[in-house]
Amino acid sequence: TERIVVGDGDGTTGTDSTTLCCDGSTAGGITSTGLLAVNGTVNVDFSATPTSTGTYVVLNHGGGTAATAANFALANSSSYRGGGSFNVTATQVTVDLNQLDLTWNGTTATWEIGGADTDWNATDQFFTGDSVTFDDTPATPQTIAMTGLLAPKAVNLANTSLVAYTFSGTAGNGISGT
């Protein structure tokens, strides 16, 4: 029978760990019709920001697992709202990234991951996978410094000519397009 085994595979519970790379831009995850055995910790690392909202399927398996949510951890968890929360069912392992739809309010001039600034919806901070909108909420032109590896699920520019936006940042910030 086909199985997914994470760790040393000797059936012991230990300190083994492995990294499972997931492409968040595709639906689903790894699929196996066999059992899932986890001996240690699986660090889930997204190579691309998940495009689905809410729950992302990491693994589909044939059942018969003794794994729990405690066997899974999110790589770079501080970049995600609440660090993500895993759920292990009889046939799936999923992670909820707690993504929000945010609107820029212009409180500060810095767009960053987490931090102390509440530039979004009056009280929120940006985290990886959030959808962001720049509209007429600030009422004045905005110059925004993009700091760090920003990876929004979507960026919506819904402003009029009254509120102009200027963005600056370094290469590799995770945002591209026109």
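When the strands (runs of 3 or more DSSP E) confined to the range 128-178 are screened for residues that are closer than 21 Å to SER47 by Cβ and at pLDDT 85 or above, none reaches at least 3 such residues. A Cβ distance below 7 Å, combined with a sequence gap of six or more or placement on separate chains, defines the contacts here; from the range 115-130, residues that are under 15 Å from ASN156 (Cβ atoms) and without any contact (Cβ under 8 Å) to a residue 60 or more places away in the chain reach residues that are part of a loop (DSSP other than H, G, I, E, B) and hydrophobic (A, V, I, L, M, F, W, C) in the pairs ASP130/LEU100.
Of all residues in the range 53-85, which are outside any helix (DSSP H, G or I) and open to solvent by 30 Å² or more (accessible area, probe 1.4 Å)? Give the steps one after another, and end with the answer.
Narrowing the range 53-85 to residues outside any helix (DSSP H, G or I): 53-68, 72-76, 80, 84-85.
Once the filter is applied, which keeps residues that are outside any helix (DSSP H, G or I) and open to solvent by 30 Å² or more (accessible area, probe 1.4 Å), the range 53-85 yields THR53, THR55, VAL57, ASN60, GLY62, GLY64, THR65, ALA66, THR68, ALA73, ASN76, SER85.
Note on the range 27-52: among residues that are open to solvent by 70 Å² or more (accessible area, probe 1.4 Å) and in a loop (DSSP other than H, G, I, E, B), the one that is modelled with the highest pLDDT is THR33. In the condition set (1) under 24 Å from GLY54 (Cβ atoms); (2) surrounded by fewer than 13 Cβ atoms within 10 Å (Cβ to Cβ), LEU149 is compliant with all but (2). Count of the range 102-119 residues, restricted to those that are under 24 Å from LEU74 (Cα atoms) and either touching a Leu at 6+ places or on another chain (Cβ under 6 Å) or assigned to a strand (DSSP E or B) (or both), is 3. Considering ALA154, ALA90, ALA116, the condition of being on the phi < 0 side of the Ramachandran plot and open to solvent by less than 50 Å² (accessible area, probe 1.4 Å) is satisfied by ALA154 alone.
The values are calculated or read from the model by the stated rules, or taken from the named source; none is laboratory data. Nothing here was measured: the structure is a model prediction, and the numbers come from that model. With ideal geometry, Cβ positions are generated from the backbone for all residues, glycine too; neighbour counts draw on all protein chains shown. These area figures cover heavy atoms from the full protein model, side chains too; ligands, DNA and RNA do not enter into them. Shrake-Rupley method; radii C 1.70, N 1.55, O 1.52, S 1.80 Å.
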